[in-house]
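**Student:** Input: one structure, supplied below.
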Amino acid sequence: SYLDRIEKIEDNIEAFITLDREEALKAAEEVDRKIENGDKVGVLAGIPIAIKDNISTSGLKTTCGSKMLENYIPPYDATVIENIKKEDGIIIGKTNMDEFAMGSSTETSYFKTTKNPYDLNKVSGGSSGGSAAAIAACEVPLALGSETGGSVRQPASFCGVVGLKPTYGLVSRYGVVSYASSLDQVGPLAKDVEGIALLLNAITGYDEKDSTSIKKDKVDYLKALDEDIKGMKIGLPKEYFSENVDEKVKGKILEAVEVLKGLGAEVEEISLPYTEYALACYYIVANGEASSNLSRFDGVNFGYRTDDYSNLEELYTNTRSEGFGEEVKRRIMVGTYVLSSGYYDEYYKKAQQVRTLIKNDFKKTFEKYDIILAPTSPILPFNIGDKIEDPLSMYMSDVLTVSVNLAGVCALSVPCGYVEGLPVGLQIIGDSFEEEKILKLAYNYE
Ligand code: GLN
């Protein structure tokens with residue numbers, strides 16, 4: 001029935017880059033067979049799941065939204081995909097994204113722009129816009145996205161669905177095409193908080209193939225949902241309610257705060273003073289790491305190769321000139337600049353120092369508070385075409401999400417109403433490995 005739904009609506013939404021109908025049906029039949037035989041099935045048995053196209057799927061194209069990897073078929077599954085298959089989930093297809101996850105609207109995708117199901121003239125957010133829109137349009141019940149600086153939470157907010165950015169190290173990055181390795185993390189998207197907990201249960205766990213994976217006992221995130229939130233201490237950071245945040249968005253967040261107070265939460269205003277440096281810090285760190293990670297796309301090892309070369313230098317140059325889009329090139333240029341000798345101390349090193357200060361802001365706050373609440377996005381979903389020619393204004397839309405990635409903590413976006421028919425997302429931020437707390441709060445709110 002999900003394939004039928006996709007058939008019916010996908011031309012309007014354009015959430016997918018690749019659909020895997022036959023394999024999905026085969027996998028579903030296999031689950032049926034297991035059930036008929038009375039065999040044990042996993043917690044995701046028979047559930048169709050859409051996967052962002054920067055997560056490697058064995059035998060299934062993984063393009064990263066780029067011409068560079070247009071025809072790239074990975075020979076292995078990412079650990080998160082292995083985990084989903086182990087639990088009998090069905091991989092139904094690969095979703096559209098900003099090229100190499102660089103963007104906030106899916107407009108930098110080489111293939112297409114995903115439309116916001118609430119208004120087809122608006123962006124779905126990004127970079128995991130395909131995954132968020134697929135859920136909002138009922139094409140799938142669950143999806144995976146990835147975050148470097150808000151790419152799960154912001155499209156979740158724009159499309160009126162739930163999205164989680166897990167603590168750095170909780171979910172394996174093995175097989176996820178790197179953007180900025182110290183920030184990247186795979187995250188689940190779903191219609192509701194229960195769906196997030198279910199998918200998170202399946203994808204978490206130590207992975208020896210990822211050197212940043214954390215050894216921790218496995219938690220059942222579904223269990224935490226039923227507890228109440230009486231006495232929970234919540235901080236509202238004044239920097240996240242500045243004049244740059246749309247008044248109507250703020251209004252919806254403050255309504256949600258009243259609901260949480262009614263449920264017994266204690267709410268106070270707090271300050272995260274280094275917030276104002278977060279965006280600059282993020283774009284230096286992220287671009288620096290990206291310029292290094294993307295150096296592997298050279299036309300030699302895998303992916304696109306130019307036809308037009310007579311020596312090695314030209315092979316590299318022409319492959320990269322033809323294979324990467326404008327935004328990716330911009331970031332490689334900026335990243336190379338901030339890492340270059342002479343500028344490293346001034347930019348990259350300084351950004352790393354500021355990153356520590358931002359981290360400390362969170363650390364201090366979580367000594368006193370359980371949760372930080374904020375809007376996910378300062379603005380409502382914007383029109384397709386509005387920001388794509390103005391990179392700085394696109395970057396500005398990430399101002400409320402990037403600090404979480406820099407600090408490595410966890411955060412979730414849950415829908416909290418509509419303004420002018422467009423969804424607004426409430427951002428619930430928790431300390432490292434406090435996913436249970438933010439899920440519990442979100443579930444009580446929902
Ligand atoms: N919009 C941000 C960027 O372009 C975040 C992207 C992401 O989280 N992958 O870098």
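Bear in mind these aren't lab numbers, they're just calculated from the coordinates by the rules spelled out. None of these values were measured; they are calculated from a predicted model. Methodologically, a virtual Cβ is constructed for each residue, glycine included, from the backbone with ideal geometry; neighbour enumeration extends over all protein chains shown.
**Student:** Starting from the 7 Å offset along Cα-to-Cβ, what nm value, one decimal, do you get for the label separation of SER340 and ALA280?
**Tutor:** Label-label distance for SER340 and ALA280, simple model: 2.0 nm.
**Student:** Check each of the GluC sites (Glu not before Pro) in region 177-285 and keep only those in coil by DSSP with at most 16 other C-beta atoms within 10 angstrom; list them in order.
**Tutor:** Working: sites: GLU194, GLU208, GLU227, GLU239, GLU243, GLU247, GLU255, GLU258, GLU266, GLU268, GLU269, GLU276; in loops: GLU208, GLU227, GLU243.
When the GluC sites (Glu not before Pro) of region 177-285 are filtered for loop state and at most 16 Cβ neighbours within 10 Å, GLU208, GLU227, GLU243 remain.
**Student:** Listing ARG153, ARG331 from the residue with the fewest other Cβ atoms within 10 Å to the one with the most, what is the order? Walk me through the numbers before you get to the answer.
**Tutor:** Numbers: ARG153 35, ARG331 25.
Least to most surrounded, the residues fall as ARG331, ARG153.
**Student:** Rounded to the nearest 0.05, what FRET efficiency is calculated for GLU314 and TYR76 with R0 set to 45 Å and r the Cβ-Cβ distance? Don't skip to the answer; put the middle values down first.
**Tutor:** Numbers: r = 32 Å, r/R0 = 0.70.
Efficiency at R0 = 45 Å is approximately 0.90.
**Student:** Then there is this: Measure up LYS165/LYS218; LYS61/LYS218; LYS238/LYS349; LYS52/LYS368; LYS223/LYS250; LYS261/LYS364 against 25 Å on the Cα-Cα distance and list the ones that go over.
**Tutor:** Working: LYS165/LYS218 17 Å; LYS61/LYS218 31 Å; LYS238/LYS349 28 Å; LYS52/LYS368 36 Å; LYS223/LYS250 31 Å; LYS261/LYS364 23 Å.
Where the Cα-Cα span goes over 25 Å, the pairs concerned are LYS61/LYS218; LYS238/LYS349; LYS52/LYS368; LYS223/LYS250.
**Student:** How big is Rg to Rh over region 2-224, alpha-carbon atoms, Rh as the Kirkwood inverse-mean-distance radius? Write down the numbers at each step before the final one.
**Tutor:** Numbers: Rg = 15.9 Å, Rh = 16.9 Å.
Ratio value, two decimals: 0.94.
**Student:** Now for a separate question. In whole angstrom, how far apart do the alpha carbon centroids of region 80-94 and region 289-351 sit?
**Tutor:** Region 80-94 and region 289-351 have Cα centres separated by 32 Å.
**Student:** Right, another one. Straight distance only, please: which aspartates and glutamates reach the Cα of LYS252 with their own Cα at less than 16 Å, same-chain residues fewer than 8 apart left out?
**Tutor:** Correct list for LYS252: GLU243, GLU420, GLU446.
**Student:** How high is the relative contact order of the chain? Use alpha-carbon pairs under 8 Å, at least six apart in sequence, and give a whole percent.
**Tutor:** Working: 1089 pairs, mean separation 81.2, N = 446.
Relative contact order of the chain: 18 percent.
**Student:** Which ³J(HN,Hα) values, rounded to whole Hz and listed in residue order, are derived for region 243-250 from phi using the Karplus coefficients 6.51, -1.76 and 1.60 in 6.51 cos²θ - 1.76 cosθ + 1.60 with θ = phi - 60°, glycine and proline given as x?
**Tutor:** 5, 7, 9, 3, 4, 6, 5, 3
**Student:** What is the Cα radius of gyration of the chain over 2.2 N^0.38 Å, N being its residue count? Write down the numbers at each step before the final one.
**Tutor:** Values: Rg = 20.8 Å, N = 446, 2.2 N^0.38 = 22.3 Å.
My calculation over the Cα atoms of the chain gives 0.93.
**Student:** OK, next. Under a Cβ-Cβ cut-off of 14 Å, what is the net charge of the residues other than TYR343 that fall near it, where Lys and Arg count +1 and Asp and Glu count -1? Intermediate values should be presented prior to the final figure.
**Tutor:** On the way: positive: LYS349, LYS350; negative: ASP345, GLU346.
Net local charge, TYR343 excluded: 0.
**Student:** Provide the gained length on full extension for the span PHE302 to ASP32, in nm with one decimal, where the gain is 0.36 nm per separating residue minus the Cα-Cα distance. Please report the intermediate quantities before stating the final value.
**Tutor:** Numbers: separation 270, 0.36 × 270 = 97.20 nm, distance 3.74 nm.
Separation in residues times 0.36 nm, less the Cα-Cα distance, equals 93.5 nm.
**Student:** While we're here: Sum up the charges of everything whose Cβ sits under 12 Å from the Cβ of ALA28, counting Lys and Arg as +1 and Asp and Glu as -1, but leave ALA28 out. The partial results should precede the final answer.
**Tutor:** Numbers: positive: ARG21, LYS26, ARG33, LYS34; negative: ASP20, GLU22, GLU23, GLU29, GLU30, ASP32, ASP88.
Once all neighbours under 12 Å are counted, the net charge is -3.
**Student:** How big is D for region 1-103, in µm² s⁻¹ as a whole number, if Stokes-Einstein is applied with the Kirkwood radius of its Cα pairs at 25 °C and 0.890 mPa s?
**Tutor:** Values: Rh = 14.4 Å.
For the chosen part, D equals 171 µm²/s.
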